[in-house]
1. Using a simple spin-label model with points 7 Å from Cα along the Cα→Cβ vector, what separation in nm is obtained for Ser116 and Lys68?
2. Please find the FRET efficiency linking Cys87 to Gln31, where r is the Cβ-Cβ separation and R0 is fixed at 25 Å, and quote it to the nearest 0.05.
3. Would you pull out the residues with amide H under 5 Å of Ser102's amide H, same chain only if 5 or more places away, H placed 1.01 Å from N?
4. Between Tyr77 and Gln16, how many nm apart are label points set 7 Å from Cα along the C-beta direction?
5. List the residues, sorted by chain then number, that are 5 or more residues from Glu80 or on another chain and whose placed amide H is less than 5 Å from its amide H.
Amino acid sequence: MATADCSNVDSEQATQIVYRCKKCRQIVAAQENVVSHERGQGEVCFKWKKRSGDSFPECSSIFVEPLKWMQPVQEGYVEEKLHCMGCKARLGSFNWAGMQCSCGAWINPAFQLHKSRIDECRV
């Protein structure tokens, strides 16, 4: 007789991280949608006028895959702002040609959500 393996059940029930709009609490992304990137070289990567003195700044945004709620992406725009589907608050922007993260790394294509506009929640 085969016995059930409970270790697989526990790992599936582990907490999942979702990102919500700060204004209306609508879920805009999950951890599985986040595109990770290697940390850039910091301030060295930016033009002289953009440098603030912090040599290794923290990433101020997360980058995600294109999602169904991103209306301008579905309409075929190359670059545009991203608004919450619930309250229309601006959450970030996207650019198929890529964007530079605050850590200095380039992400191509870039679908950026600002951490100051979203909450990270455990479900």
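1. 3.2 nm
2. Once rounded, the FRET efficiency stands at 0.65.
3. Ser60, Ser61
4. 2.8 nm
5. Result for Glu80 returns Phe94.
Since every read-out is calculated from the coordinates, none of them should be taken as a lab result. Nothing here was measured: the structure is a model prediction, and the numbers come from that model. As a convention, Cβ positions derive from the backbone with ideal geometry for all residues, glycine included, and neighbour counts pool all protein chains shown.
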